[in-house]
Amino acid sequence: QRFRLVLSLWPYIIPLFVVYAAEYALQSGTWTAIGFPVEDANARDRFFEYSNWLYQAGVFLSRSSGTLFTVPMAVLWLMPALQTLNLGIFGYAASNPANHLYHPAIFYSGAFYTGLLGGAVYISGYKRICQDLPLAHREFSLSTTSVAESLGIVVADISGLVIQSCLYEINNLEGALLTCPMKKF
């Protein structure tokens, strides 16, 4: 019976897993390779610090306001897709600092947006579980679904190392912990 309940939670598990995998890969991989100028390690450290502050502000805002309304399941699924798109845009921009997207205003607003999406999926996913499932299943469902976050973070940490190594290689930066496993583009 519990196994069937776990399987029935996939509409909540997948959005949480995907949003966490994308946002933490973004933070641990892409953001480490952004700076103004990118060659300056101190500039990269400053960007990483400020982008994470903005990210946390976005998370705080979205989690705090999440109690005011409930998003439909379609929106709950759309937000992780947007977060994955966000990862792609940041990765594309970070891979070529000469492009028009490589601008502090774009990156800092994107960091805030990343936090908004991540916090919104978190609060909305758990709120939907509390509203959609019977009381007898809520506690087990909430704890089971929370595993998706942890798995997403583990996948993101591994992905982040690969992303960082490739972006460092593309931008001729030193200090990556791995060698990029992909051939040069």
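Hey, any hits in the range 158-169 for a residue that's surrounded by 15 or more Cβ atoms within 10 Å (Cβ to Cβ), of a type in the set (A, V, I, L, M) and over 16 Å from the mean Cα position of the chain (by Cα)?
Yes, the conditions are met somewhere in the range 158-169.
Any residue in the range 118-127 that is of a type in the set (A, V, I, L, M) and touching a Ser or Thr at 6+ places or on another chain (Cβ under 8 Å)? It would help to see each step written out before you state the result.
The first filter runs over the range 118-127 and keeps only residues of a type in the set (A, V, I, L, M), leaving 120-121, 123.
Filter once more, so that each one left must be touching a Ser or Thr at 6+ places or on another chain (Cβ under 8 Å): 120, 123.
Looking for residues that are of a type in the set (A, V, I, L, M) and touching a Ser or Thr at 6+ places or on another chain (Cβ under 8 Å), one finds at least one in the range 118-127, hence yes.
If we scan the range 11-19, do we find a residue that is more than 18 Å from Gly115 (Cβ to Cβ) and without any contact (Cβ under 8 Å) to a residue 12 or more places away in the chain?
No.
When the range 32-81 is examined, which residues are found to be aromatic (Phe, Trp, Tyr), assigned to a loop (DSSP other than H, G, I, E, B) and in contact (Cβ under 8 Å) with a residue 12 or more places away in the chain?
First pass over the range 32-81, keeping only residues aromatic (Phe, Trp, Tyr): 36, 47-48, 50, 53, 55, 60, 69, 77.
Filter once more, keeping what is assigned to a loop (DSSP other than H, G, I, E, B): 36, 69.
Within the range 32-81, just Phe36 meets the criteria.
For the range 75-95: of the residues being out of contact with any Ser or Thr (no Cβ under 6 Å at 6 or more places or on another chain) and among the aromatic types (Phe, Trp, Tyr), which is surrounded by the fewest Cβ atoms within 10 Å (Cβ to Cβ)?
Once the filter is applied, the top-ranked residue is Tyr92.
Test Ala98 against the criterion of being hydrophobic (A, V, I, L, M, F, W, C), open to solvent by 50 Å² or more (accessible area, probe 1.4 Å) and outside any loop (DSSP other than H, G, I, E, B), and give yes or no.
On the way: hydrophobic (A, V, I, L, M, F, W, C): yes; open to solvent by 50 Å² or more (accessible area, probe 1.4 Å): yes; outside any loop (DSSP other than H, G, I, E, B): no.
For Ala98, the condition - hydrophobic (A, V, I, L, M, F, W, C), open to solvent by 50 Å² or more (accessible area, probe 1.4 Å) and outside any loop (DSSP other than H, G, I, E, B) - is not met.
Yes/no matrix, rows are residues, columns are (1) within 17 Å of Leu161 (Cα to Cα); (2) open to solvent by 10 Å² or more (accessible area, probe 1.4 Å); (3) of a type in the set (S, T, N, Q):
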{"position": "Val6", "(1), (2), (3)": "no, yes, no"}
{"position": "Pro11", "(1), (2), (3)": "no, yes, no"}
{"position": "Glu23", "(1), (2), (3)": "yes, no, no"}
{"position": "Gly35", "(1), (2), (3)": "no, no, no"}
{"position": "Glu39", "(1), (2), (3)": "no, yes, no"}
{"position": "Ala43", "(1), (2), (3)": "no, no, no"}
{"position": "Tyr50", "(1), (2), (3)": "no, yes, no"}
{"position": "Arg63", "(1), (2), (3)": "no, yes, no"}
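Pull out all pairs, ordered by first then second residue, where Cβ-Cβ is under 9 Å, the residues are six or more apart or on different chains, the first lies in the range 86-114 and is under 15 Å from Glu23 (Cβ atoms) and in contact (Cβ under 8 Å) with a residue 40 or more places away in the chain, and the second is charged (D, E, K, R) and in a helix (DSSP H, G or I).
Here the result reads Asn86/Glu23; Leu87/Glu23; Thr114/Glu23, each pair linking the range 86-114 to a residue that is charged (D, E, K, R) and in a helix (DSSP H, G or I).
Quick check on Phe112: is it among the aromatic types (Phe, Trp, Tyr), at pLDDT 95 or above and loosely packed, with under 15 Cβ neighbours inside 10 Å?
Numbers: among the aromatic types (Phe, Trp, Tyr): yes; at pLDDT 95 or above: yes; loosely packed, with under 15 Cβ neighbours inside 10 Å: no.
Here the answer is no, as Phe112 does not meet what is asked.
Of all residues in the range 117-140 being open to solvent by less than 50 Å² (accessible area, probe 1.4 Å) and among the aliphatic types (A, V, I, L, M), which is farthest from Pro15 (Cα to Cα)? Give the derivation first.
Going residue by residue through the range 117-140, those that are open to solvent by less than 50 Å² (accessible area, probe 1.4 Å) are 117-121, 123-129, 133.
Next cut, among the aliphatic types (A, V, I, L, M) only: 117, 120-121, 123, 129, 133.
On the way: Leu117: 11, Ala120: 11, Val121: 7, Ile123: 12, Ile129: 13, Leu133: 17 Å.
By that ranking, first place goes to Leu133.
The values are calculated or read from the model by the stated rules, or taken from the named source; none is laboratory data. Quick caveat, the model's predicted, so the values are computed rather than measured. Note that we place each Cβ from the backbone using ideal geometry, even for glycine, and neighbour counts take in every protein chain shown. Note: accessible area is taken over every heavy atom of the protein model, side chains too, but ligands, DNA and RNA are not part of it. Shrake-Rupley method; radii C 1.70, N 1.55, O 1.52, S 1.80 Å.
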